[in-house]
Amino acid sequence: MTALGRPQFLVQFSEVLMKWRCFFSFLAAKQGKYGQEVLEQKLDLEQLQAFLEKLGAEGDVRAWFAGEKLSSSGTIDILDWNRLIDERMKVPDLLVVPNLQSGRLEPLLSKFTEEEEQQMKRILQRLEALAEYAVENSVRLMVDAEQTYFQPAISRLTLETQRSFNTHRPVIFNTYQCYLKEAYDNVSMDVELSRREGWCFGAKLVRGAYMDQERRRAAEMGYEDPINPDYESTNRMYHRCLDYVLEEIERSGRANVMVASHNIRTVKHTLRRMNEMGLTPSDKNICFGQLLGMCDQISFPLGQAGFPVYKYVPYGPVSEVIPYLSRRAQENRGVMKGAQAERELLWSELVRRLTSGEIFNTQSL
Ligand SMILES: Cc1cc2nc3c(=O)[nH]c(=O)nc-3n(C[C@H](O)[C@H](O)[C@H](O)COP(=O)(O)OP(=O)(O)OC[C@H]3O[C@@H](n4cnc5c(N)ncnc54)[C@H](O)[C@@H]3O)c2cc1C
């Protein structure tokens, strides 16, 4: 996605989205909902209006959320709240609140400038052109996840495309990085949105590739580290997110997931859960992904057992691809263990062939 538009625009848009989400968490905490799961946090509109007025905010909150469902429940959740982001196109200076530093009234969400709107349109058009090409060729399009200062915008734009293209089957897949503390919230929010809006959820689940960079940036800039405290927490988060999506697949049959991992425990966990839920490889709604040249000892048996398996092929100038692959190999515990296992397998096969006199393999795959 970072190649489809100006990265600086993605950074700015991400900041707006993060600010908007943080403000929701702040309001939820004010209504005593701190610590609840994000979809459980329902804001009472009466209390919200009163609180915002006390803050000095301008605008009729109830009017923003006018709708049958809302008027009967009298509450809104994070998904209703996020819908207001779309409204910023129509309503100038939505939600004017005091800036705690300057003391001045400022819009929490200001209208896009002409240039920003153009940027947004161009990125969406390019993404749509790729999505149309994917549809024509009956393939799926996976949008990679990047650093947290880009990711909210990437997810948001991907979601827009999913709304248009995932109407009958999941064509566009968003990527969720389970090393993030907020990974489960992100997955559950998007699954719930797909249910409410009636499109097919598609996810690639990864652990995440930018851990050191994220931790360093958080320490340098003085904000909370967005990454789980340790490797085991990331493993638990991965399996929690995966279980949630598998349950959605079992329930609706319309969602799809790619388990993009070299971790053998994760692959076994997926197979066990599929077995327990009665999900079969022939349903083709769960697939696996590994990088080309890495962990073939996981990919090949999965493929032979009938599971859809994809090998990701990084391509580009050698000067960029080699550093990319060596970073993946270094950060990747599964690969390092896998490389050792692969060496042992190759060695035992070599010994077998030499001792049996069968130098060339005659078995076909
Ligand atoms: C098909 C495919 C597509 C991918 N696409 C993306 C993508 O779009 N975006 C992206 O960011 N990455 C992507 N990756 C890379 C991925 O995020 C991981 O970096 C890589 O796969 C290693 O994780 P693992 O699950 O294979 O195994 P493991 O080796 O078991 O896990 C290593 C990972 O665990 C996490 N971890 C390690 N130590 C700690 C710690 N102390 N605290 C918290 N967490 C820790 C890190 O995420 C680390 O990369 C992709 C990988 C594959 C195979």
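Structure above, values below:
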| item | result |
| --- | --- |
| Residue check, LEU271 at pLDDT 95 or above, open to solvent by 40 Å² or more (accessible area, probe 1.4 Å) and more than 10 Å from the ligand (Cβ to nearest atom) | yes |
| In the stretch 194-209, the residues that are surrounded by 14 or more Cβ atoms within 10 Å (Cβ to Cβ) and not hydrophobic (A, V, I, L, M, F, W, C) | SER194, ARG195, GLY202, LYS204, ARG207, GLY208 |
| Complete set of residues in the stretch 223-268 that are aromatic (Phe, Trp, Tyr) and either near the ligand (Cβ under 8 Å from one of its atoms) or not in a helix (DSSP H, G or I) (or both) | TYR223, TYR231, TYR238 |
| Criterion violated by VAL191 - all others in (1) exposed (fewer than 14 other Cβ atoms within 10 Å of the Cβ); (2) touching a residue at least 40 places away in the same chain (Cβ under 8 Å); (3) more than 16 Å from the ligand (Cβ to nearest atom) satisfied | (1) |
| Residue that is surrounded by the most Cβ atoms within 10 Å (Cβ to Cβ), among those in the stretch 162-178 that are away from the ligand (no atom under 16 Å from the Cβ) and among the hydroxyl-bearing types (Ser, Thr, Tyr) | SER164 |
| The stretch 278-307: number of residues that are surrounded by 15 or more Cβ atoms within 10 Å (Cβ to Cβ) and more than 16 Å from the ligand (Cβ to nearest atom) | 3 |
| Restricting the stretch 135-155 to residues that are under 10 Å from the mean Cα position of the chain (by Cα), more than 14 Å from ALA209 (Cβ to Cβ) and not hydrophobic (A, V, I, L, M, F, W, C), the residue that is farthest from the ligand (Cβ to nearest atom) | PRO152 |
| Residue in the stretch 210-232 that is surrounded by fewer than 16 Cβ atoms within 10 Å (Cβ to Cβ), among the small types (Gly, Ala, Ser) and closer than 18 Å to VAL259 by Cα present | no |
| Contacts under 6 angstrom Cβ, first residue in the stretch 216-231 being touching a residue at least 40 places away in the same chain (Cβ under 8 Å), partner among the acidic types (Asp, Glu), 6 or more apart | PRO226/GLU214; ILE227/GLU214 |
| Qualifying residue in the stretch 161-170 (condition: aromatic (Phe, Trp, Tyr) and either on the phi > 0 side of the Ramachandran plot or in contact (Cβ under 8 Å) with a residue 40 or more places away in the chain (or both)) | no |
| Hey, ARG62 open to solvent by 20 Å² or more (accessible area, probe 1.4 Å), touching a residue at least 40 places away in the same chain (Cβ under 8 Å), of a type in the set (Lys, Arg) and part of a helix (DSSP H, G or I) or not | no |
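A quick yes/no check of all residues on (1) modelled with pLDDT of 85 or more; (2) open to solvent by less than 40 Å² (accessible area, probe 1.4 Å); (3) more than 25 Å from the chain's Cα centre (by Cα):
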{"site": "GLY5", "(1), (2), (3)": "yes, yes, no"}
{"site": "GLU40", "(1), (2), (3)": "yes, no, no"}
{"site": "ASP44", "(1), (2), (3)": "yes, no, yes"}
{"site": "GLU58", "(1), (2), (3)": "no, no, yes"}
{"site": "GLU68", "(1), (2), (3)": "no, no, yes"}
{"site": "ARG88", "(1), (2), (3)": "no, yes, no"}
{"site": "ASP93", "(1), (2), (3)": "no, no, yes"}
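The values are calculated or read from the model by the stated rules, or taken from the named source; none is laboratory data. This is a predicted model, so every value here is computed, not measured. Backbone-built Cβ (ideal geometry, glycine too); neighbour counts: all protein chains shown. Please note that ligands, DNA and RNA were not included when accessible areas were found on the heavy atoms of the full protein model with its side chains. Shrake-Rupley method; radii C 1.70, N 1.55, O 1.52, S 1.80 Å.
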